[in-house]
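Notes for the one structure printed next.
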Amino acid sequence: MTLNQWNDEIIILELLDEPDFSEDTDALLANVRNNEMCPNVVVDLQKVSNLNSSNLGALIEIKKLLQAKNKRMIICNISDSIWSTMLATGLDQVFEFIENTMVALASLTFEE
């Protein structure tokens, strides 16, 4: 499992390609749905080489659930090919992107 609790307020989800991607996003979805006080989420895509429509749908669902609870989801460490997918689908306007995990953690930590 690549779901790491950074602190009480932040979870880091380090995703891998399928089938691990779906298993890990399902685990995070369950966590967010069942936890009223869910944390902010940093999604690290460093080890993901491509995204399919199911992967994108899972990320959108996680973002919607978190947004409804006034929490943030930041995507970081994306490759050029994934960035191209985000641009082509218009999701570059939907998700929040930050260069790397440490900057994303700093952004969430100093926001509070």
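Bear in mind these aren't lab numbers, they're just calculated from the coordinates by the rules spelled out. Given the structure is predicted, the values throughout are model-derived calculations rather than measurements. Methodologically, a virtual Cβ is constructed for each residue, glycine included, from the backbone with ideal geometry; neighbour enumeration extends over all protein chains shown.
Of the options (i) 14.5; (ii) 15.4; (iii) 13.9, only one is Kirkwood radius over Cα pairs in Å as computed from these coordinates, and that is (iii).
For the peptides 7-14, 80-87, what is the packing order when you average, over each peptide's residues, the other Cβ atoms within 10 Å and list the highest mean first?
7-14, 80-87
Amide H contacts of GLU96: ILE75, each under 5 Å away and 5 or more positions distant or on a separate chain (H built 1.01 Å from N in the peptide plane; Pro and chain starts excluded).
Compared with the dominant Cα axis of the chain, that is its longest principal axis, helix 53-68 is turned about 30°. Extension gain for SER79-ASP17 works out to 21.0 nm (0.36 nm per residue, less the C-alpha to C-alpha distance). For the range 39-48, putting each phi into the Karplus relation 6.51 cos²θ - 1.76 cosθ + 1.60 with θ = phi - 60° gives couplings of x, 5, 10, 10, 9, 9, 9, 4, 9, 9 Hz, in residue order, rounded to whole numbers and with x for Gly and Pro. Peptides 69-79, 18-28, 92-102 ranked from most to least packed, by the mean per-residue count of other Cβ atoms within 10 Å: 69-79, 18-28, 92-102.
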